[in-house]
Amino acid sequence: VEEKKTIMVHIEPGMEDGDQIKFHGCSDEAPNAESGDLLVTLCLQKHDQFIRNHDQLLLYKKVNIREALLGTKFSFNHLDGRKIIVSTEPNQPILPNSVKVIEKEGMPKRGNQFEKGDLFIFFDVEFPNYSQYSGELINALKKCFPQSDADIDENDDDVYHVNTKQ
């Protein structure tokens, strides 16, 4: 007799890609044979905003030079539906390719959904194109930032000028 059966699969918070849920005796039956088990294997979809590594999450955030130097505040929608507002520390510049941690905002730990991993935010600092610099901006930047090549003696015979290219 052919029979259709609906099986409810409970996905525990914190389960990962490849985890299996076993239903004992729920596979096909045959005369004079013991029913086997039904195995359900989780295949998690990739997320467009987060990368998961066990109970840790990684969020990629692009910031402009102003935000990197002066600090920023931004929000994102977390996987559990909450809107999270992140503020960087005042007077602490964000370095290119730096990572900041928000504790206990990652994925739930399996077996205890109230304990969570950490959320890591990878900051990509976007610098403006040189074509966007006005003469006024360049002069203002020169006033704000100290000269770094003041101790170079350009008249020394052992000094050679070279330029970088992209």
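The values are calculated or read from the model by the stated rules, or taken from the named source; none is laboratory data. Owing to the predicted nature of the structure, the values given are computational and were not obtained by experimental measurement. To get the accessible areas, we keep the full protein, side chains included, count just its heavy atoms, and leave off ligands, DNA and RNA. Shrake-Rupley method; radii C 1.70, N 1.55, O 1.52, S 1.80 Å.
Details
- Accessible-area value, R110, 1.4 Å probe, nucleic acids and ligands omitted, Å²: 120
- Accessible surface of the chain, 1.4 Å probe, proportion on carbon and sulfur as whole %: 49
- Solvent-accessible area per residue, Å², over the chain with all protein chains present [probe radius 1.4 Å]: 84
- Structure-derived Kirkwood radius over Cα pairs in Å - corresponding label in [x] 15.8; [y] 17.7; [z] 21.8: [z]
- Among beta bridges that DSSP assigns inside the chain, antiparallel share in %, nearest 5: 70
- Mean Cα-pair separation over length for the chain, i.e. relative contact order, pairs under 8 Å, 6 or more apart, %: 19
- Applying a threshold of 20 Å to the alpha-carbon distances of K5/K109; K83/K104; K61/K100 flags K5/K109 as lying beyond it.
- Listed residues L59, L119, L39, most fluctuating in the chain (Gaussian network, C-alpha, under 10 Å): L39
- Between V1 and F76, the contour length at 0.36 nm per residue exceeds the alpha carbon distance by 21.8 nm.
- Candidates E126, E29, E105, ranked by Gaussian network fluctuation over the chain, Cα under 10 Å, top entry: E29
- Listed residues P13, P108, P146, most fluctuating in the chain (Gaussian network, C-alpha, under 10 Å): P146
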